[in-house]
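The values are calculated or read from the model by the stated rules, or taken from the named source; none is laboratory data. The model shown is predicted, which means the values in this text are computed figures rather than measured ones. Every residue, glycine as well, gets a Cβ built from its backbone with ideal geometry; the counts of neighbours run over all protein chains shown. What goes into the accessible areas is simple: the full protein's heavy atoms, side chains included, and nothing from ligands, DNA or RNA. Shrake-Rupley method; radii C 1.70, N 1.55, O 1.52, S 1.80 Å.
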Amino acid sequence: MPNEKKIQLRVFLKLLVICICAGLYAWGGMEFKWLRRFVAPAVACLFAFAYSRNWRYLIQMPVMFLTMSMGYGGDTLGEKIARRAVFGCANGISTSIVNGIKKNWLVVSFQMSLLIAAYIVFGVWNPLPNARVEETLLGLFCYAIPIMSVRYYK
């Protein structure tokens, strides 16, 4: 079993990848949609595959491409809430595929609940200082739990 310092370094590496993915997600909200839709999921899934040697992350990647490409805007309050709830649910499922295969239902249900709530609260009412903070936080929520739950390949 690795010592505590090696484990902590691996956690720092995961945090770095989470920050990169959250940043790509947020930047994709400004101008380059492909960063959010394709690059951030690819970075997350390729990292998870390299870190764990679990080929299921390669299957998760195209599903994340699809869900990150969904629209979530609306004209009325009800439409905004409904579309963001669907978007949060879809992304909760797509970012939890490997945890679902592993039957890690507590993590899956938490990830889905977190994303649904976050997309509705931050996306519809945005109590945060600005859209840049909102989108970075949403990117963090999308990638933190899935990346932190990746197990190191022994």
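Please work out if PHE110 is within 13 Å of the chain's Cα centre (by Cα), more than 14 Å from ALA44 (Cβ to Cβ) and open to solvent by 50 Å² or more (accessible area, probe 1.4 Å).
Here the answer is yes, as PHE110 does meet what is asked.
Could you check the range 51-62 and list, in sequence order, the residues that are open to solvent by 50 Å² or more (accessible area, probe 1.4 Å) and in contact with a helix residue (DSSP H, G or I) (Cβ under 9 Å, 6 or more places away or on another chain)? Full working, then the answer.
Taking the range 51-62 and keeping what is open to solvent by 50 Å² or more (accessible area, probe 1.4 Å), we get 53, 55-56, 58-59, 62.
Selection gives TRP55, ARG56, LEU58, ILE59, PRO62.
Say we look at the range 68-82 and pick out the residues that are charged (D, E, K, R) and more than 10 Å from ILE120 (Cβ to Cβ); which of these is surrounded by the fewest Cβ atoms within 10 Å (Cβ to Cβ)? Full working, then the answer.
Here is the first cut: in the range 68-82, the ones charged (D, E, K, R) are 75, 79-80.
From what is left, the residues that are more than 10 Å from ILE120 (Cβ to Cβ) are 75, 79.
On the way: ASP75: 7, GLU79: 11.
This residue is ASP75.
Residues in the range 6-15: is at least one in contact with a helix residue (DSSP H, G or I) (Cβ under 9 Å, 6 or more places away or on another chain) and of a type in the set (D, E, K, R)?
Checked the range 6-15: at least one residue is in contact with a helix residue (DSSP H, G or I) (Cβ under 9 Å, 6 or more places away or on another chain) and of a type in the set (D, E, K, R).
Given the criteria open to solvent by less than 60 Å² (accessible area, probe 1.4 Å) and within 13 Å of the chain's Cα centre (by Cα), does MET148 qualify?
Against the criterion (open to solvent by less than 60 Å² (accessible area, probe 1.4 Å) and within 13 Å of the chain's Cα centre (by Cα)), MET148 does not qualify.
What is the residue count in the range 59-84 for residues that are over 24 Å from PHE32 (Cβ atoms) and under 15 Å from the mean Cα position of the chain (by Cα)?
Going residue by residue through the range 59-84, those that are over 24 Å from PHE32 (Cβ atoms) are 59, 75-79, 81-82.
Then drop every residue that is not under 15 Å from the mean Cα position of the chain (by Cα), which leaves none.
Looking only at that region, the number is 0.
I'd like to verify a number: residues in the range 31-50 that are open to solvent by less than 50 Å² (accessible area, probe 1.4 Å) and within 18 Å of PHE87 (Cβ to Cβ), how many?
Here the count works out to 5.
Has the range 18-30 got any residue that is among the aromatic types (Phe, Trp, Tyr), surrounded by 13 or more Cβ atoms within 10 Å (Cβ to Cβ) and more than 25 Å from VAL108 (Cα to Cα)?
Yes, the range 18-30 has at least one match.
Does the range 1-17 hold any residues that are open to solvent by less than 100 Å² (accessible area, probe 1.4 Å) and either in contact with a Leu (Cβ under 8 Å, 6 or more places away or on another chain) or part of a loop (DSSP other than H, G, I, E, B) (or both), and which are they?
PRO2, ASN3
When residues of the range 113-144 are filtered for being within 12 Å of CYS21 (Cβ to Cβ), open to solvent by 40 Å² or more (accessible area, probe 1.4 Å) and hydrophobic (A, V, I, L, M, F, W, C), how many remain?
Number satisfying all stated conditions: 2.
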